[in-house]
Amino acid sequence: MANSNKPFGLAPLRTIGATTTGQTTRYYIPSDDTDPYYIGDFVISAAQGDAGGTSGVSKATGAQTPRGVIVGVEPANQLQASIAGATLNLERTSIPATKAQAYYVYVDDNPATVFSIQGDATATNQVATNSNKNCSLTVANGATSVSDSGTVVSSSTINTTNSLNFKLMGLLRIPNNVYGAYAIWQGKWNLHELSAAGTTAI
């Protein structure tokens, strides 16, 4: 049976070397940011922050060193709206490219997190012998405002190269998931802004 094409970006599975707690960090996205954001997108640190001291992030391209993965979004004025008696929007799963306000995102920024992620449409390199190699990711938007991220493994980049940002760890063991196009992999960041190794700051 062929794998289904249903990308979801990066979804946390577990943490290596520690009990998974689900802890996240809140980051800021200003209103003049021009990218859309979806749950499952990965982000990088940005040279910005809000007035209260919350540091900013921006949307990553497929090969950058990540700060983490978005697991939740929050419009910046939700607390004020609640105090004013307005209806809270607690069902938002994406942030539009054109923003009328600032937003916050909740990010899994733990370098030890293992994620699941779908592979792309090309079967050639999505094989058992590449189960422990590195790769970069192809960043794509969700199909709709309520979709998850469309980001997938860039199968053409799978290699031993140490500068690739994601490390594959075999397939996710779920029914109807096999090597080939649209395989669902598990893996963790090979490069990370908060890892023990030094990274260049912005």
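Annotations
- Filter result for residue 181 (out of contact with any helix residue (DSSP H, G or I) (no Cβ under 8 Å at 6 or more places or on another chain), farther than 20 Å from residue 2 by Cβ and surrounded by fewer than 19 Cβ atoms within 10 Å (Cβ to Cβ)): no
- Of the criteria (1) assigned to a loop (DSSP other than H, G, I, E, B); (2) farther than 17 Å from residue 40 by Cβ; (3) charged (D, E, K, R); (4) in contact (Cβ under 8 Å) with a residue 24 or more places away in the chain, which one residue 173 fails: (4)
- If the condition is being over 26 Å from residue 72 (Cβ atoms) and either free of Cβ contacts under 8 Å to residues at least 12 places away in the same chain or buried (at least 18 other Cβ atoms within 10 Å of the Cβ) (or both), then the range 149-167 contributes 155, 157, 158, 164.
- Residue count for the range 137-148, restricted to those that are small (Gly, Ala, Ser) and either without any contact (Cβ under 8 Å) to a residue 12 or more places away in the chain or farther than 15 Å from residue 69 by Cβ (or both): 3.
- Per-region count, the range 112-128, residues at pLDDT 95 or above, of a type outside the set (D, E, K, R) and not in a strand (DSSP E or B): 8
- Residues of the range 151-196 classified as in contact with a Lys or Arg (Cβ under 6 Å, 6 or more places away or on another chain) and of a type in the set (Gly, Ala, Ser), total: 1
- Any hit, the range 77-100, residues being within 20 Å of residue 26 (Cβ to Cβ) and either in a strand (DSSP E or B) or modelled with pLDDT of 95 or more (or both): yes
- Remark: pairs (first residue in the range 85-106, under 17 Å from residue 143 (Cβ atoms); second residue part of a loop (DSSP other than H, G, I, E, B) and at pLDDT 95 or above; Cβ separation under 8 Å; 6+ apart in sequence or on different chains) = 93/39; 94/36; 94/39; 95/36; 96/36; 97/34; 97/35; 97/36.
- Residue tally, condition free of Cβ contacts under 8 Å to residues at least 60 places away in the same chain, over 16 Å from the mean Cα position of the chain (by Cα) and either within 13 Å of residue 106 (Cα to Cα) or not in a strand (DSSP E or B) (or both), over the range 21-57: 7
- Residue within the range 102-111 that is among the charged types (D, E, K, R) and under 20 Å from residue 13 (Cβ atoms) present: yes
The values are calculated or read from the model by the stated rules, or taken from the named source; none is laboratory data. All values derive from a computational prediction rather than experimental measurement. Note that we place each Cβ from the backbone using ideal geometry, even for glycine, and neighbour counts take in every protein chain shown.
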